[in-house]
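See structure below.
The values are calculated or read from the model by the stated rules, or taken from the named source; none is laboratory data. Just so we're clear, the structure is a prediction, and the values are computed from it rather than from any experiment. Positions of Cβ are generated from backbone atoms using ideal geometry, with glycine treated the same way; all protein chains shown enter the neighbour counts.
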Amino acid sequence: MTADATKETLGFQTEVKQLLHLMIHSLYSNKEIFLRELISNASDAADKLRFLSLSNPDIMEGEGDLKIRIDFDADEKTVTISDNGIGMNREDVIHHLGTIAKSGTSEFLQKLTGDEKKDSQLIGQFGVGFYSAFVVADRVDVLTRKAGEPADNGVRWSSAGEGEFTVEPATRAQRGTTVTLHLREGEEEFADGWRLRSIITKYSDHISLPIEMLKNEPAAGDDNEAETKAEDKAPEYEVVNKATALWTRSRNEISDEEYKEFYKHIAHDFEEPLSWTHNRVEGKQEYTSLLYIPKRAPFDLYQREASRGLKLYVQRVFIMDDADQFMPMYLRFMKGVLDSNDLPLNISREILQSNRTVETIKSALTKRSLDMIRKLEPEDYKAFWKQFGQVLKEGPAEDYANREKIAGLLRFASTHTGTSEQVVSLDDYIERMKEGQEKIYYITAENYTAAANSPHLEIFRKKGVEVLLMYDRIDEWMMGYLFDYKDKHFANIAKGDLDLGEIETEEDKKQQEEVEKSSEDLVKRLQEALAAKVSEVKVSHRLTDSPACLVAGAYDMGAQMRQIMEAAGQSLPESKPTMEINPGHPLMERLNAEVQEDQFAELANVVFDQAALSEGRPLEDPAQYVKRINKLLMDALGS
Ligand code: ADP
């Protein structure tokens, strides 16, 4: 189609159709938010225009008074939202009001269940935007013209929100966009000045642009003579919102409600934030930041290309959305505004990447965010951890300087609580450390059950020493960057020699030595039988109930990390574990008594495989294992 084509009917992208359907069915209890969404778009359009005018003043067309107007017509049952912002041309309209460009949209929509209550929560996460107009309107008309383009390059877009829309050329002398809602039957209440004003106050007071409405709408049947006289007078508008940038006001003048609504505006979120912090920094650098922790992770938290970052302003002029240079990746869920007095107005993304001021602000905002997270109330922290804990775990690797602070925010399952639901902090752990305990002990495994039942825990259970249970895929990798916390070293209890420090008594040690001596022969025989599988066989001091366990070398990759790397197609150097045995276990005693070497070797292999299985390691040759066990079963059953 060429740009000068006349009226054209086009179909919405499938995702838009799904979204529209869902929206109309799930927002019925919160219909009024359509106005917030459309005002938000109008305000963004003004911000974009102002930004472009920095490098191209002509684009203002001599009219720099940016504003939003809300009109209504009770007889026609319409509500109109107009702005003199950036506007759209035909291409923009088809793209922006016909498709959804966000990455991951179709994956998101696949998650929908058909259960309206659940879905309406999900849709809140996704953000509703322009299409929410159809919650109250059964026809929406848009008349728009892009700034800097000729008046007859305007476009009229119209749709009933069902499967298609029309676009046709139009003339619009003034740049900007007018959205007209033809209210559905039953939604006439919105064509009312008082109602509209109260919605604006509730949701959009913080918009820095003036929002105007007609002063004293003449009531029907008013004095006729006065009317005629006033006829050729331009209608008088008045500003109905505060119209100052919220973050420039002082903290004690801003209500919680205003902070929350402002969050919804900038984050395109439907839910309230979990917390926020608003600060003005003066001195060498001058800037104001307003940072929010959302309540819920966005659907695209793990999408590489997902937009993230803060809304950047320079001296109150909007510069860009998603300025991602001011927050580290592991805090990518943070939302907010940064208004700097020091950055140049013509700053670009490229310059942001290598700017000293940016680095300093980033470091300050990172600290501020970590502090805000730390100060969350316990209940809020729980919610936060569920949503963002995984992301925060990327922190120690990315932000070495703050690793101690980040470590203080981490939560883990632990042998202390006995359920995967209840997690503990490192500070809790340190508080409970036993006398003489020097290290923070942890174990990594595939899942909670494997970690909680690992034979490696036996001695710790016996001594009443707490062990952190780590089973998130990222844990082992993260621990590669965390060596200590508050001067206490971390120790993976399934790796290397177990140093129990002072927890082990002199008596324990003496006993251990004796057992080692008396088991020399058994150890040697096992080592020969399992030479292909183990690097060494040793007498264990970590086992009390199990016959044997496997221990990775101190610098070996753990089983979990190995599996991740192998799944990613990396070939890894062979690394054989050490097998530790518990000579006091009846099975070991029986094994020791076995004089037939081939029978001994068979049993030794079974013991090795079981040690692997009990900590969730995959067997190299499961069929062989089953064969051996079956043979033992047959023998036991006396066939
Ligand atoms: P979002 O605002 O989250 O991007 P919307 O569905 O609300 O999503 O809007 C889609 C796009 O349509 C916007 O990103 C913008 O490019 C364009 N748009 C919407 N309203 C306006 C407007 N009043 N002026 C200019 N562009 C607009």
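So here's what we get for this one:
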{"read-out": "Residue list for region 333-346, filter: surrounded by 19 or more Cβ atoms within 10 Å (Cβ to Cβ), on the phi < 0 side of the Ramachandran plot and not aromatic (Phe, Trp, Tyr)", "value": "Met334, Lys335, Val337, Leu338, Asp339, Ser340, Leu343"}
{"read-out": "Any pair with Cβ under 7 angstrom, 6 or more apart, that starts in region 250-266 at a residue that is in a helix (DSSP H, G or I) and ends at one that is hydroxyl-bearing (Ser, Thr, Tyr)", "value": "Glu261/Tyr203; Tyr263/Tyr292; His265/Ser40"}
{"read-out": "Inter-residue pairs, beta-carbon under 7 Å, first in a helix (DSSP H, G or I) and in region 32-46, second among the charged types (D, E, K, R) and within 11 Å of the ligand (Cβ to nearest atom), 6+ apart", "value": "Ala42/Asp83; Ala45/Asp83; Ala46/Asp83"}
{"read-out": "Of the criteria (1) modelled with pLDDT under 90; (2) farther than 19 Å from Ser420 by Cα; (3) in contact with a helix residue (DSSP H, G or I) (Cβ under 9 Å, 6 or more places away or on another chain), which one Lys488 fails", "value": "(1)"}
{"read-out": "Scan of region 153-170 for residues that are of a type outside the set (Gly, Ala, Ser) and either part of a strand (DSSP E or B) or within 16 Å of the ligand (Cβ to nearest atom) (or both), ordered by number", "value": "Asn153, Val155, Arg156, Trp157, Glu164, Phe165, Thr166, Val167, Glu168, Pro169"}
{"read-out": "Members of region 148-173 found to be crowded, with 24+ Cβ neighbours inside 10 Å and in contact with a Leu (Cβ under 6 Å, 6 or more places away or on another chain), listed by number", "value": "Trp157"}
{"read-out": "Selected residue [acidic (Asp, Glu), surrounded by fewer than 18 Cβ atoms within 10 Å (Cβ to Cβ) and under 20 Å from Lys393 (Cβ atoms)] from Asp322, Asp371", "value": "Asp371"}
{"read-out": "Some residue of region 299-315 being within 23 Å of Asp44 (Cα to Cα), in a strand (DSSP E or B) and touching a Lys or Arg at 6+ places or on another chain (Cβ under 9 Å)", "value": "yes"}
{"read-out": "Residues of region 4-31 that turn out to be in a helix (DSSP H, G or I), surrounded by fewer than 20 Cβ atoms within 10 Å (Cβ to Cβ) and more than 12 Å from the ligand (Cβ to nearest atom), as a count", "value": "9"}
{"read-out": "Residue count, region 47-70 (criterion: of a type in the set (Asp, Glu), more than 16 Å from the ligand (Cβ to nearest atom) and not in a helix (DSSP H, G or I))", "value": "1"}
{"read-out": "Output for region 90-115, where each listed residue is surrounded by 14 or more Cβ atoms within 10 Å (Cβ to Cβ) and hydrophobic (A, V, I, L, M, F, W, C)", "value": "Val93, Ile94, Leu97, Ile100, Phe108, Leu109, Leu112"}
{"read-out": "Residue within region 590-599 that is crowded, with 19+ Cβ neighbours inside 10 Å and within 18 Å of Glu458 (Cβ to Cβ) present", "value": "no"}
{"read-out": "Subset of region 171-220 [in a loop (DSSP other than H, G, I, E, B), among the polar types (S, T, N, Q) and within 30 Å of Asp58 (Cα to Cα)]", "value": "Thr171, Gln174, Ser208"}
{"read-out": "Residue match in region 110-125 (condition: closer than 16 Å to Phe12 by Cβ and under 35 Å from the mean Cα position of the chain (by Cα))", "value": "no"}
{"read-out": "Pick from region 587-639, criterion part of a helix (DSSP H, G or I) and of a type in the set (Lys, Arg), ranking: farthest from the chain's Cα centre (by Cα)", "value": "Arg590"}
{"read-out": "Entirely in region 75-151, the helices (runs of 4 or more DSSP H) that have 3 or more residues that are touching a residue at least 12 places away in the same chain (Cβ under 8 Å) and away from the ligand (no atom under 13 Å from the Cβ)", "value": "105-110, 116-126"}
